[in-house]
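Have a look at the structure below, then the notes.
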Amino acid sequence: MAACLVSTGAASMRWIFSSISARTPAALRCSQCCWVLNLNEFGRSSSPRLVVSPTALLPGSVRCLSVQTSEKQPNLRKPKEGGGGGRRKSAKDADVEGPEGTSSREDIRALRLQKVDKLRAGGIEPYAYNWDRTHTSDELQQKYIDLPNGVEAAKEDDRVSVAGRITARRAFGKLAFLTLRDDSSTIQLYCEKARLTEEGFEQIKGVLDIGDIIGAEGTVKRTEKGELSVYVDKLSILTKSLLPLPEKWHGLTDIEKRYRQRYVDMIVNPDVAGVFRARAKITSEIRRHMEELGYLEIETPVLQGAAGGADARPFVTFHNALGRDLYLRIATELHLKRMVVGGFERVFEIGRIFRNEGISTRHNPEFTSIEMYQAYADYHDMMNLAEDLVTRCAMAVNGKTTVTYQGTDISFERPWRRASMHSLVQDATGIDFATFGSNLEAAKSAAVSALSTSNSSLFDHCSSVGHVLNEVFETVVEKTLIQPTFVMDHPVEISPLAKPHRSKPGLTERFELFMYGREMANAFSELTDPVDQRERLEGQLRVHTERMAAEAELAKAKGDHAVKEQANEAFEVKIDEDFVTALEYGMPPTAGMGIGIDRLVMVLTDSASIRDVIAFPILKSQ
């Protein structure tokens, strides 16, 4: 039997000198000649003797000079040419067959560092500066889609150069197959010893690992089994990977680790990278459409002197040079409206928003929204624009106006449903909140009865009939709005920046867009009366201050721990005086809308959690 090198980790080496047991791998692959030693072929009760050679190239490797057994000789098999046929072996398969299969992460890293030293000792730099690539994998797949099986395209203009990461590796004697993945797709590298230099082929067997980034040149060939391949005559290591990739099928399954090491997640789970490609396409489509409509993209401050434009707890920081607190923005609204005052009639911004609040499958403290403002328009115009934007994004990503989200079909066929908050609540509960006027207690009592609950504390924080109506809507109606629905005409008490409804006293010209029971957009006919605006902001500030005071008193009754928790949750609300001043110079009739891009991406990519569509979400510290 020809001598070969059977490579194993330290744990497998102990087995080599003992009888085969139930824990023995089904096969070993030689890292030098790459023949498969299939132990199942001759039974696990046999006891082959593998003789250690002092010329072992790497720690954890032994040279197999002979295999002796009382049973028939083990089957040493060499696969047929083709490589790509049948089930493609995963990173798990290849690692088991190579020197890293039973080694710890630290052992593998040490072994790969030795390979780095070995390459440099041979005059090869394992971290290249560049690579002249002619085609991506997908471009090759498209260009040679009609190449017949078993045919090589060997003309001068068929020479190609590709680059990417090794995701699978199979080597058999004088033939090796590598699966290369780049940004577009995968392509097989067909490596034949006779076509490569001796040194090049030895690198494939003894130095390359799954996870390495390489460049390859050659012609294009389709194997007998139909796998399009680059028939390699030159191969170069571009980046030597030091850490092993998780197993393809059983590897990076810890959700928290996937989010924390997103770069690994994208390598081993290509569908994850697809989500972020779709997200980029959605953002690009939104920006393109806004520019086609004549909107100008504006950048507004992230650090602000007053956190306005929404009722949310801000992040607070301190500016040393100015000696003052600053706030990370909770909305882009007020500065964009300043631009409208200054004469820009159509403006928008796609930007990050920061809110120091809870984390859930729908909420992340840092998220992306688009806000847009159009002079001489009202909230009906914003409804039409919302339908346009979302439908265009759905077509750009999925090629159709119906998507399946978490098993539910959602149709974006226009027109979308439009209904008032009052009518939706009345349909669900039988209560017409318009009949209560300003009778808060009667509204609370009716709401408790309608919800069939004795928990009246649900409405303790409600300071008006409008707040009770909104609470009932969020509790009963919101979760039922699966298909796209514009919920219109919100109470004035919960809409401090919206213009009063032109025909319905006590309401505003405001809508929220819901789908799959989630708010996707919020829009107004913007309030332009500076006196009314000041009064509403002062009322909002008063309600907030009273709520904070009531919560502080309640915390005192519960003890010091509750007081500390309440103090941590409390936050200050300020009136943006400069914004009110801007309104006093005059803002034309204007409509505005904000759309949560993260939630839109969730629906269009069928992603269950907002953290699935944010590349690097906020996580607990380790």
For residue 224, are the conditions met, namely being surrounded by fewer than 19 Cβ atoms within 10 Å (Cβ to Cβ) and under 18 Å from residue 121 (Cα atoms)?
-> no
Flagged in segment 275-289 as small (Gly, Ala, Ser) and either surrounded by 15 or more Cβ atoms within 10 Å (Cβ to Cβ) or assigned by TED's automatic domain parsing to the domain that holds residue 180 (or both), in numbering order, are 278
Quick one: count up the residues across segment 180-201 that are part of a helix (DSSP H, G or I) and without any contact (Cβ under 8 Å) to a residue 12 or more places away in the chain.
-> 1
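For the condition on the phi > 0 side of the Ramachandran plot and either surrounded by 15 or more Cβ atoms within 10 Å (Cβ to Cβ) or free of Cβ contacts under 8 Å to residues at least 24 places away in the same chain (or both), what is the one hit in 506, 517?
506
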Is there a residue in segment 389-402 that is farther than 14 Å from residue 595 by Cβ, touching a Pro at 6+ places or on another chain (Cβ under 7 Å) and of a type in the set (A, V, I, L, M, F, W, C)?
-> no
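Tell me yes or no: at least one residue of segment 162-172 is in a loop (DSSP other than H, G, I, E, B), in contact (Cβ under 8 Å) with a residue 12 or more places away in the chain and in contact with a strand residue (DSSP E or B) (Cβ under 8 Å, 6 or more places away or on another chain).
No, segment 162-172 has no match at all.
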Somewhere in segment 354-371, is a residue loosely packed, with under 15 Cβ neighbours inside 10 Å and either in contact with a Leu (Cβ under 6 Å, 6 or more places away or on another chain) or within 30 Å of residue 585 (Cα to Cα) (or both)?
-> no
Considering 242, 235, which residue is out of contact with any strand residue (DSSP E or B) (no Cβ under 7 Å at 6 or more places or on another chain) and assigned by TED's automatic domain parsing to the domain that holds residue 190?
-> 242
Within segment 437-481, how many residues turn out to be surrounded by 12 or more Cβ atoms within 10 Å (Cβ to Cβ) and either among the aliphatic types (A, V, I, L, M) or under 16 Å from residue 507 (Cβ atoms) (or both)?
-> 21
Please determine, by comparing only the residues of segment 114-125 that are charged (D, E, K, R) and outside any loop (DSSP other than H, G, I, E, B), which one is surrounded by the most Cβ atoms within 10 Å (Cβ to Cβ).
-> 115
A careful count of residues in segment 126-150 that are in a loop (DSSP other than H, G, I, E, B), surrounded by 12 or more Cβ atoms within 10 Å (Cβ to Cβ) and out of contact with any strand residue (DSSP E or B) (no Cβ under 6 Å at 6 or more places or on another chain) gives 2
A careful count of residues in segment 533-553 that are surrounded by 13 or more Cβ atoms within 10 Å (Cβ to Cβ) and farther than 24 Å from residue 329 by Cβ gives 2
Residues of segment 553-580 classified as in contact with a helix residue (DSSP H, G or I) (Cβ under 8 Å, 6 or more places away or on another chain) and among the polar types (S, T, N, Q), total = 1
Among the residues of segment 388-413, the number that are free of Cβ contacts under 8 Å to residues at least 60 places away in the same chain and buried (at least 17 other Cβ atoms within 10 Å of the Cβ) is 0
Scanning segment 271-319 residue by residue, the ones that are touching a helix residue (DSSP H, G or I) at 6+ places or on another chain (Cβ under 7 Å) and more than 18 Å from residue 592 (Cα to Cα) total 10
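Being farther than 21 Å from residue 550 by Cα and touching a helix residue (DSSP H, G or I) at 6+ places or on another chain (Cβ under 7 Å) is the filter; apply it to segment 444-469 and report the residue that is modelled with the highest pLDDT.
Checking each candidate, the answer is 469.
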Could you check, for segment 105-113, whether at least one of its residues is modelled with pLDDT of 95 or more, part of a helix (DSSP H, G or I), among the acidic types (Asp, Glu) and out of contact with any Pro (no Cβ under 9 Å at 6 or more places or on another chain)?
-> no
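The rows are residues; the columns are (1) surrounded by fewer than 20 Cβ atoms within 10 Å (Cβ to Cβ); (2) among the acidic types (Asp, Glu).
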| position | (1), (2) |
| --- | --- |
| 212 | no, yes |
| 228 | no, no |
| 234 | yes, no |
| 259 | yes, no |
| 270 | yes, no |
| 273 | yes, no |
| 307 | no, no |
| 322 | yes, no |
Tell me which of these residue 369 doesn't satisfy, since it passes every other one: (1) part of a strand (DSSP E or B); (2) free of Cβ contacts under 8 Å to residues at least 12 places away in the same chain.
-> (2)
Yes or no: residue 528 in contact (Cβ under 8 Å) with a residue 40 or more places away in the chain and hydroxyl-bearing (Ser, Thr, Tyr)?
-> yes
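The values are calculated or read from the model by the stated rules, or taken from the named source; none is laboratory data. Please read all numbers here as calculations on a predicted model, not as lab measurements. In this analysis, Cβ positions are derived from the backbone assuming ideal geometry, glycine residues included, and neighbour counts consider all displayed protein chains.
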